[in-house]
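Bear in mind that the values in this text are calculations on the coordinates, not laboratory data. All figures in this text were calculated on a predicted structure; none of them were measured in a lab. A quick note on method: Cβ atoms are made from the backbone with ideal geometry, for glycine too, and the neighbour counts reach across all protein chains shown.
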Amino acid sequence: MSMEIYLLTDEEVPTIQAWQKAIDALGFDVRFVDKQPLQTDEIRLRAECKGKPVLMELEKTSLAGVRDIFPDVAFPDHVTSVHALYWSKTLEGGLAAYQAAAAYLGLVKGLMIDTEEGKLKTPESAIELARKMSAEMPMLEAAMAEILAKIAAKPRN
């Protein structure tokens with residue numbers, strides 16, 4: 001896994017099914033493939049997004065560790081649950097992770113911080129960001145296809 005989002009909450013999503021219902025209620029594209037329990041310290045989450053397979057991992061971590069990564073961020077003094085959500089570095093992986101994270105937060109009301117932006121996000125702003133990413137996905141896919149076509153068309157020496 002190569003990218004990550006941290007979820008800071010006082011409550012954990014109880015089941016994959018509850019998480020999927022929250023995702024579906026928001027109209028997001030990510031679908032969990034497996035129905036394993038979430039009550040473990042680390043779990044692999046096989047999913048699909050836009051019809052493509054995505055692998056994510058959800059791992060319990062500490063608030064102190066997240067504070068060390070982002071020393072300039074004013075975190076809440078106490079949260080009972082901190083998870084890192086990791087995903088493979090693909091367009092679909094990023095979209096799936098942000099959609100899953102936003103739905104998680106929308107369900108349990110917490111905060112999110114990602115390593116790209118390094119700013120705390122509320123459930124509402126996380127959902128807004130996931131919707132923006134969804135809207136921009138066709139443009140990103142087209143740009144990627146154009147780049148790959150150019151690479152494929154270059155003569156090889």
Semi-axes (Å, rounded, descending) of the ellipsoid equivalent to the chain per its C-alpha gyration tensor are 29, 18, 15
Footprinting proxy, HIS83, HIS78: sorted fewest to most Cβ within 10 Å, the residues are HIS78, HIS83
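Of LYS60/LYS121; LYS21/LYS119; LYS52/LYS132; LYS60/LYS150; LYS89/LYS119, which ones are farther than 30 Å apart at the Cα?
Working: LYS60/LYS121 19 Å; LYS21/LYS119 27 Å; LYS52/LYS132 19 Å; LYS60/LYS150 42 Å; LYS89/LYS119 20 Å.
Correct reply: LYS60/LYS150.
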Here the stretch 37-53 yields Karplus 3J(HN,Hα) values (6.51, -1.76, 1.60; θ = phi - 60°; whole Hz; Gly and Pro given as x) of x, 9, 7, 10, 6, 8, 9, 8, 10, 7, 8, 10, 9, 6, x, 10, x
Checking LEU45, LEU105, LEU91 against a Gaussian network model of the chain (alpha-carbon springs below 10 Å), the top fluctuating residue turns out to be LEU91
Per the rule of 0.36 nm per residue minus the C-alpha distance, extending LYS89 to GLU136 adds in nm 15.2 nm
Projecting the Cα atoms of ILE147, THR122, PHE70 onto the charge dipole of the stretch 3-153, where Lys and Arg contribute +1 and Asp and Glu -1 at Cβ, the residue farthest towards the positive end is ILE147
Ordered by fewest other Cβ atoms within 10 Å, a rough proxy for footprinting exposure, ASP77, ASP24 read ASP77, ASP24
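What FRET efficiency, computed as 1/(1 + (r/R0)^6) with R0 = 41 Å and r the Cβ-Cβ distance, is obtained for ALA25 and LYS150, rounded to the nearest 0.05?
Working from the Cβ atoms, E equals 0.55.
With a sphere of radius 13 Å drawn around the Cβ of PRO123, what net charge do the other residues whose Cβ falls strictly inside it have (Lys, Arg +1; Asp, Glu -1)?
Working: positive: LYS109, LYS121, ARG131; negative: ASP10, GLU11, GLU124, GLU128.
Charge balance in the 13 Å sphere: -1.
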Note on the chain: contact order normalised by length, alpha-carbon pairs under 8 Å, 6 or more apart, percent, works out to 29
Applying the gyration tensor rule to the Cα atoms of the stretch 1-40 (axes a ≥ b ≥ c; rounded if a/c under 1.5, else prolate if a/b exceeds b/c, else oblate), the class is rounded
